[in-house]
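No lab work stands behind these numbers, since they all come straight from the coordinates. Note that the structure is predicted; figures quoted are calculated from it, not measured. Don't worry about glycine lacking a Cβ; one is built from the backbone with ideal geometry, like all the others, and counts go over all protein chains shown.
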Amino acid sequence: MGLFLLWFFFGIGILIQVIYLLIIFGKTAFYKGNTSTANAHNEEGVTVLVCAHNEYSNLKTLIPKLFEQDYPSFDLMIVNDRSSDRTMRLLEKMMEIYPKLRSVTIKYTPPHVTAKKYALTLGIKVAKNDIILLTDADCLPDSDQWIRKMTAPIRNQHKTFAVGFSGYQKRDTFLNSWIQFETLLTALYYMSFGLWKKPFMAVGRNLCYRKSFFMKVKAFKHLWHIEGGDDDLFVNLYTTGKNTAIVLDPEANTTSIPKETKKEYLVQKKRHLHAGKYYDGADKRKIGLYTLSHALFWLFGIGMLIYTGINQSWEHFSAVFGIILLRTFLVVSIFNAASKKIQGTKPPKSIWILDFLYLGYFWILGTISHQAKDIQWK
C-alpha cells in the first residue's frame, strides 16, 4: 500500500509537470511568431514613463540611452517621487539637452494610497501621448528598437496591453544564477499563458498600455491599499486574450541591475510574491498547479528512491531514477529553448540544481510573503 501511494502521488506530479513543460511552457520555447507588424508605418506618439525615487545615478545613464531609440515620435516622462538626492538638478540639466524630456515632482504621498501607484497615476495623467510605455530607473533597453517593438501590438494590432520581458544583468555568483533562473521561470508563466490567450500578469519594467484605458477604468481603484501590484495586479484585473499581446523578441527587452546581496533580493521578492495573494483564483491555480506538481514530483520521487532502496526493490528504484533523469533533461531542454526565444541567450548553468532548490524557495518565501505586512516600495 505504501509503494502504491508513493507511485500514485509521484505519477500525478509527473503528469502535470509534463503538461506544463511540453504544452504550456512549450508555447514559448517553440514559439514561431511574426514580428513584421513592428515595422508598420503607424508611428503614433508614445510616452515612456519612469517613476524615480532617489535614482540620480541610474537616471544619469538611462535618460541619454532612451534618447538613442530609433522611433520618431516619443517623449520621456520622469516622475520624481520625493527624491532627496540630486535628481531634481539632474532633470533640470537634462531637459535643457533633451527637449522631449519632461518631469513631474511629487513632494508627498497621501496617507490612503501607496507611493508607486500614486506616482504612476500622476505621471500617466499628465502624459502627452495615449500610448504609455513603462520601465524602471535601473533598467536599460536591450536595443534601439525597444519602443518600436514594444508598442507595435498597440499601434498596429489595436491591442490595449503589450507585455514584454525584463531580465537582469549577469554576474558570476550563485545568487545571480538564481535570479536569472527565477526570472526566466516567471517569464515562462506569464508569456506562455499570454500566448495561449490567457494572460494574467506582467512586469512593470517592460509594460505598455493605453492611457485612455487606464483612465477609463479609474486606474488603481481597487488596488490603492496594496503595496506593489501596479503592474501584475493591474494586468491581472483587465487583460484578456483579445486585448493583450505578448512581445517575444530579444530586441524588445529591457535589462535591470540585479540585487547583489541576499537581503536585498529577499526584500524585493517578498514584495513581488506578496502581490500574488490578490490574484484571481483561476490565475493563482496557473502557478499553483505547477508548484504543487513540482513538489509532488520531487518529494515523492525522493521518497520512492529511499523506500525502494531500503527494500532493495531495484526495478522500482531504476524506474524512478530514470523518470527523474528524463524530467531533468526535459527541464533543461525547455529552459534552453525558451531562454533563446526570450533573451537570445543561454540560461544559467546547472538548471537542474536550481530547479530542485525552487522546491524550498517557493513554499518558504511564498508563505512568508503571503503573511507579510511590512511591504514597501521605496
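Of all DSSP-defined beta bridges confined to the chain, some 30% are antiparallel rather than parallel.
How big is the dipole moment of the stretch 127-207 about its Cα centre under a simple scheme where the beta carbon of each Lys and Arg is +1, that of each Asp and Glu is -1, and everything else is neutral? Debye, nearest 20, please.
Values: 10 positive and 7 negative charges, 78 e Å.
My answer is approximately 380 debye.
With q set to 0.19, 0.22 Å⁻¹, the log10 of I(q)/I(0) for the stretch 155-278, from the Debye formula over equal scatterers at the Cα positions, is -1.11, -1.37.
Among the listed pairs 149/242; 125/270; 216/284; 242/277; 149/259, a Cα-Cα separation exceeding 23 Å is found for 125/270; 216/284; 242/277; 149/259. Projecting the Cα atoms of 334, 109, 295 onto the dipole axis of the chain, where Lys and Arg carry +1 and Asp and Glu carry -1 at the beta carbon, places 109 farthest toward the positive end. Which entry is the computed Rg/Rh (Cα atoms, Kirkwood Rh) for this structure: (i) 1.01; (ii) 0.93; (iii) 0.96? Derived directly from the coordinates: (i). Mind checking which of 94, 226, 209 is farthest towards the positive end of the stretch 34-278's charge dipole, using Cβ charges of +1 (Lys, Arg) and -1 (Asp, Glu) about the Cα centre? About the Cα centre, the residue reaching furthest to the positive side is 226.
Hey, what did the stretch 34-278 get for relative contact order, percent, Cα under 8 Å, at least 6 apart?
Working: 451 pairs, mean separation 59.7, N = 245.
The value is 24 percent.
A cut-off under 15 angstrom between Cβ atoms defines the neighbours of residue 239, and their net charge, with Lys, Arg +1 and Asp, Glu -1, is +2. Sorting 98-105, 52-59 by their mean Cβ neighbour count within 10 Å, with the most densely packed peptide first, gives 52-59, 98-105.
Our coupling estimate for the stretch 99-112, obtained by passing each phi through the Karplus curve with A = 6.51, B = -1.76, C = 1.60 and θ = phi - 60°, is x, 8, 8, 10, 8, 9, 10, 10, 9, 7, 10, x, x, 8 Hz, Gly and Pro reported as x. In percent, rounded to a whole number, the relative contact order of the stretch 160-297 is 36, using alpha-carbon pairs under 8 Å and six or more apart.
Work out which helices of the chain, taken as complete DSSP H runs, extend at least 18 Å along their axis over the Cα atoms and score a mean Kyte-Doolittle of 0.5 or more, then list them. Write out the running numbers ahead of the final one.
On the way: long enough: 2-18 (24 Å, 2.26); 174-195 (31 Å, 0.83); 262-275 (20 Å, -1.51); 281-310 (41 Å, 0.71); 314-342 (41 Å, 1.09); 351-371 (29 Å, 1.04).
The answer, listed by residue number, is 2-18, 174-195, 281-310, 314-342, 351-371.
Listed by chain and number, the aspartates and glutamates placed with their C-alpha closer than 15 angstrom to that of residue 27 are 249; residues fewer than eight positions away on the same chain are left out.
Rounding to the nearest 20 debye, state how big the charge dipole of the chain is about its Cα centre with +1 on each Lys and Arg Cβ and -1 on each Asp and Glu Cβ. If you can, show how the numbers build up before the last one.
On the way: 47 positive and 30 negative charges, 142 e Å.
Once rounded to the nearest 20, the dipole reads 680 debye.
Other residues within the sphere of radius under 14 Å centred on the Cβ of residue 26, judged by their own Cβ, net out at +4 (K and R +1, D and E -1).
Summing -39500 (n - 2.57) over the DSSP H runs of n ≥ 4 in the chain and dividing by its residue number, what mean residue ellipticity at 222 nm do you reach, to the nearest 500 deg cm²/dmol? If you can, show how the numbers build up before the last one.
Details: 13 runs with 194 residues, N = 378.
My calculation for the chain gives -17000 deg cm²/dmol from helical runs alone.
Only one residue of 193, 161, 253 has its Cα farthest out toward the positive end of the dipole of the stretch 159-300, where Lys and Arg carry +1 and Asp and Glu -1 on Cβ, and that residue is 161.
Between beta-carbons, use under 10 Å as the cut-off and find the net charge around residue 255, counting Lys and Arg +1, Asp and Glu -1. Display every interim value, and only then the final one.
Numbers: positive: 170, 205; negative: 138, 142.
Charge balance near residue 255 sits at 0.
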